[in-house]
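What follows is a short report on a single structure.
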Amino acid sequence: MSLKQKIITFTKLFKRELKVYRLLLKDKRTPLLAKITLALAVGYVLLPFDLIPDFLPVIGHLDDLVIVPLLVYLSLKMIPQELVEEYRAQVNL
């Protein structure tokens, strides 16, 4: 698989997961704490500020690579797996 194909595949998966997270945030079956952590993760990616500024070499980008996946992981652990799979199947259609 070429680099271009890998980037296209990653982009499609990323867009799909964002749609799934949006649906999970709206669902009443999603626990409140999971909604909060998931909203923080999505907000951290989309907002223009960081806890550690990106102009600091290496450390500035490490916070994005650690904080966001950790928040997403924690929130997905709190959400029933059946609910996540339901929305992933729905988005794939």
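The values are calculated or read from the model by the stated rules, or taken from the named source; none is laboratory data. Quantities reported herein were computed from a predicted structural model and do not represent experimental measurements. Here the Cβ is made from the backbone with ideal geometry for all residues, glycine too, and neighbour counts use every protein chain on show. The accessibility values were calculated without ligands, DNA or RNA, using every heavy atom of the protein model including side chains. Shrake-Rupley method; radii C 1.70, N 1.55, O 1.52, S 1.80 Å.
What the table shows:
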{"item": "The chain, relative contact order [Cα under 8 Å, separation at least 6], %", "result": "39"}
{"item": "Helix runs (DSSP H) in the chain reaching 15 Å along axis by Cα, Kyte-Doolittle at least 1.0", "result": "32-46, 59-78"}
{"item": "Column: log10 I(q)/I(0), Debye, Cα scatterers of the range 39-81, q = 0.17, 0.19, 0.21, 0.31 Å⁻¹", "result": "-0.48, -0.57, -0.66, -1.08"}
{"item": "In the range 32-93, the chymotrypsin sites (Phe, Trp or Tyr not before Pro) that fall in loop regions by DSSP, at most 13 other Cβ within 10 Å", "result": "PHE49, PHE55"}
{"item": "Accessible area per residue, Å², the range 1-74 with all protein chains present, probe 1.4 Å", "result": "75"}
{"item": "Carbon and sulfur %, accessible surface of the range 1-74 computed with the full protein complex present, 1.4 Å", "result": "76"}
{"item": "Pairs beyond 22 Å (Cα-Cα), from LYS15/LYS35; LYS19/LYS77; LYS4/LYS77; LYS28/LYS77", "result": "LYS4/LYS77"}
{"item": "Loop trypsin sites (Lys or Arg not before Pro), the chain, which have at most 12 other Cβ atoms in a 10 Å radius of their Cβ (DSSP)", "result": "LYS28, ARG29"}
{"item": "For the chain: span of alpha carbons on each principal axis (Å, largest first)", "result": "41, 37, 19"}
